[in-house]
1. For segment 23-43, check the following and say yes or no: at least one residue is modelled with pLDDT of 95 or more, exposed (fewer than 14 other Cβ atoms within 10 Å of the Cβ), among the β-branched types (Val, Ile, Thr) and more than 14 Å from the chain's Cα centre (by Cα).
2. Going by what's in this entry, would residue 107 be described as part of a helix (DSSP H, G or I), closer than 21 Å to residue 18 by Cα and either charged (D, E, K, R) or free of Cβ contacts under 8 Å to residues at least 40 places away in the same chain (or both)?
3. Looking at 99, 112, which is the one that is modelled with pLDDT of 90 or more and either touching a Lys or Arg at 6+ places or on another chain (Cβ under 6 Å) or acidic (Asp, Glu) (or both)?
4. Is there any pair with a first residue in segment 71-91 that is small (Gly, Ala, Ser) and a second that is outside any strand (DSSP E or B) whose Cβ atoms are under 9 Å apart and which are 6 or more apart or on different chains, and what are they?
Amino acid sequence: MCLRFFGFSRPLRERMSIRGIFQLSKLTFVHCPHTGTSKGINQFLVNALPSLRIQTEERRGEDHKNMFEIQQRKGKDPYLHAMFVNKREKTIGVKNKTEEEIAILVENVMSEKGRAVKKIPRRVMRTRISSVQGTWQPQGAATSSSST
C-alpha cells in the first residue's frame with residue numbers, strides 16, 4: 001500500500017533529526033475499538049501503520065523497532081501521545097478525524113524536532129514624528145470632502 005495516499009509525502013530519510021539523531025522516540029496510539037470517534041484511527045492502525053512500521057525499521061534500524069505503541073482505552077476519545085528524545089511530550093487529539101487526516105498528523109509529529117514553540121521577538125516601530133496625514137477620525141473623510 002502506498003503511503004503517499006495516506007499523507008506521507010516526504011520520504012523517511014527527510015524526516016527531522018538533529019545531528020543524525022531522530023527526535024521522536026515513541027509514538028503511542030490510544031483508541032477505543034468500539035466507539036465511533038475512533039473509526040479513523042482504527043482504520044489507520046489496520047491500513048497504514050504496518051507499512052509505516054516497516055519503513056521506520058528499515059530507515060532507523062533495530063533500535064526503533066518498538067517506536068510505535070498501541071493502547072486501548074474503552075469508552076475514551078482517541079489521541080496520539082508523542083515522546084521526544086529531549087523528554088518533551090506532546091498529545092494530539094484525533095477524535096472524529098479521518099484516516100488521511102491522522103496520517104498527516106503522524107507525519108507532522110514524526111518530522112518535529114521536539115522543541116517548545118518560542119515566540120519570535122519583533123522590534124516595535126515607534127517614531128517621535130506624528131503622521132503627516134494627521135490622526136484618524138471616524139468622520140474625517142466626510143468633513144474634508146464637504147469643505148471643498
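1. So far as segment 23-43 goes, no, none of its residues is modelled with pLDDT of 95 or more, exposed (fewer than 14 other Cβ atoms within 10 Å of the Cβ), among the β-branched types (Val, Ile, Thr) and more than 14 Å from the chain's Cα centre (by Cα).
2. Values: part of a helix (DSSP H, G or I): yes; closer than 21 Å to residue 18 by Cα: yes; either charged (D, E, K, R) or free of Cβ contacts under 8 Å to residues at least 40 places away in the same chain (or both): yes.
Spelling it out, residue 107 is indeed part of a helix (DSSP H, G or I), closer than 21 Å to residue 18 by Cα and either charged (D, E, K, R) or free of Cβ contacts under 8 Å to residues at least 40 places away in the same chain (or both).
3. 99
4. The qualifying pairs are 75/32; 75/34; 75/35; 82/88; 82/109; 82/110; 82/112; 82/114.
The values are calculated or read from the model by the stated rules, or taken from the named source; none is laboratory data. Just so you know, these numbers come straight off a predicted model, no measurement behind them. Glycine also receives a Cβ, built like all others from the backbone with ideal geometry; neighbour counts cover every protein chain displayed.
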